[in-house]
Amino acid sequence: MSRSVERTVLVVDHDPMMLRTLARALDRGGYRVLAVPDGKAALALASTTRLGAVIADVALPDMSGGELAEMLHRGRPSLHVGIVSASSSEEGAVDPGALETPYPPSQIVELADALVSEADGSMGRRPTRQRSLIEGLETPKRG
C-alpha cells in the first residue's frame with residue numbers, strides 16, 4: 001500500500017459538527033480526509049477511491065455503521081473500519097467496545113493509526129494502546 005493511500009481515511013457521520021470534528025482531528029494527525037454524511041455516499045466513494053481506513057458512526061441515516069462495514073468488506077476485505085458512537089445506548093451499538101464520544105482528538109488519530117497499520121500487516125509493531133482501540137471496533141461477522 002502506498003504511503004498516500006494508507007494516509008487516506010474516509011469519515012462517515014450524519015452529524016455535520018461531528019464530521020468536521022473528526023475530519024479536523026485526522027487532518028491535524030497527518031491524514032488525508034474524505035468526509036461523507038451517509039452509507040450510500042461512503043460506498044460510492046469507496047468504490048472509486050483507494051482508502052487506508054474508514055471511521056464510521058454506528059448510526060447512519062441509511063444503514064448502521066456495522067452494515068456499512070460489512071458491505072465495504074465484501075469488496076475490499078483488507079479495508080478496516082472503525083465504529084464510533086455518540087452513546088453506547090444508540091440503536092445498533094451492539095458492540096460495547098465501540099469508541100464513544102466525547103473522546104479526545106488524539107484518540108481518533110490513534111484509531112486511524114491502528115486501523116491503517118492493521119490493514120498493511122504491521123499491527124504487531126504498534127503500541128498496545130492502539131491495538132486495544134480497535135478491539136471490538138470491527139463489525140462482528142454475522143453467522
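The values are calculated or read from the model by the stated rules, or taken from the named source; none is laboratory data. As the structure is a computational prediction, the values presented were derived from the model and not from experiment. Neighbour counts are summed over all protein chains in view; Cβ atoms, including those assigned to glycine, are modelled from backbone coordinates with ideal geometry.
For the reader, a short list of remarks on this structure follows.
- Subset of segment 16-32 that is surrounded by fewer than 17 Cβ atoms within 10 Å (Cβ to Cβ) and under 15 Å from the mean Cα position of the chain (by Cα) - its residue that is modelled with the lowest pLDDT: M18
- Beta carbons closer than 7 Å, at least 6 apart along the sequence or on distinct chains, never pair a first residue in segment 90-119 that is within 16 Å of M18 (Cα to Cα) and of a type in the set (D, E) with a second that is part of a helix (DSSP H, G or I) and modelled with pLDDT of 85 or more.
- Residue under evaluation S64, criteria (1) modelled with pLDDT of 85 or more; (2) of a type outside the set (A, V, I, L, M, F, W, C); (3) under 14 Å from the mean Cα position of the chain (by Cα); (4) within 16 Å of L51 (Cβ to Cβ), criterion not met: (4)
- Matching residues in segment 39-69 - criterion: being farther than 11 Å from L10 by Cα and surrounded by fewer than 18 Cβ atoms within 10 Å (Cβ to Cβ): K40, A44, S47, T48, P61, D62, E67
- The listed residue being within 11 Å of the chain's Cα centre (by Cα), at pLDDT 90 or above, farther than 17 Å from A25 by Cα and in a helix (DSSP H, G or I), out of A112, A69, A46: A69
- Test for G39: is it in contact with a Ser or Thr (Cβ under 6 Å, 6 or more places away or on another chain) and modelled with pLDDT of 60 or more: no
- Cβ-Cβ contacts under 7 Å between residues 6 or more apart (or on different chains), taken from a first residue in segment 40-66 that is within 23 Å of E110 (Cα to Cα) to a second residue that is of a type in the set (K, R) and modelled with pLDDT of 95 or more, are absent.
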